Amino acid sequence: MLLLIGSLVEIYAAIVALAPLVVPVAAAFGVDPIHQGIIFLANLEAGFLCPPFGLNLFLSSSRFRQPLTRVTRNTLPFLLIIAAAVLLITYVPGLSLFLPRALGRH
């Protein structure tokens, strides 16, 4: 859901609209709020690059004066890396919570 919304809606608007809906659901499932926020942002950013509607693709195409198909083709390897990172962030909470725990803030 977050990937789809991230590709269709600007990230800040998505945060304002969806955070009040997602936070209570995540809390009900016992997801740490810091971890949930990082998952949220990582998914929205990945959606920002997803073809065919990712806003970053259109901005890059316009800025570098390249056809959208070429920009999309060139971003696919990076999208795969981001997808792997999102999976790691989602399913290994220690990656997101290591620093706050190490600093004693959580």
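The values are calculated or read from the model by the stated rules, or taken from the named source; none is laboratory data. Every value quoted in this text rests on a predicted model; they were computed, and no experiment measured them. FYI the Cβ positions are ideal-geometry reconstructions off the backbone, even for glycines, and counts take in every protein chain you see. Side chains included, ligands, DNA and RNA excluded: accessible areas come from the protein's heavy atoms. Shrake-Rupley method; radii C 1.70, N 1.55, O 1.52, S 1.80 Å.
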Quick test of your reading of the structure: F29 fulfils all but one of (1) touching a helix residue (DSSP H, G or I) at 6+ places or on another chain (Cβ under 7 Å); (2) closer than 18 Å to L2 by Cα; (3) open to solvent by 40 Å² or more (accessible area, probe 1.4 Å). Name the failing condition by number. (1)
Six or more apart or on different chains, Cβ under 9 Å: which pairs go from a residue in region 64-82 that's more than 14 Å from G54 (Cα to Cα) to one that's among the polar types (S, T, N, Q) and open to solvent by 70 Å² or more (accessible area, probe 1.4 Å)? Could you list them? Q66/N74
Pairs, please: C-beta under 8 Å, at least 6 apart or cross-chain, first residue under 20 Å from L79 (Cα atoms) and in region 1-30, second open to solvent by 50 Å² or more (accessible area, probe 1.4 Å) and modelled with pLDDT of 90 or more? V9/A17; I11/L41
Look at V22 and say whether it is open to solvent by 40 Å² or more (accessible area, probe 1.4 Å) and either β-branched (V, I, T) or not in a helix (DSSP H, G or I) (or both). no
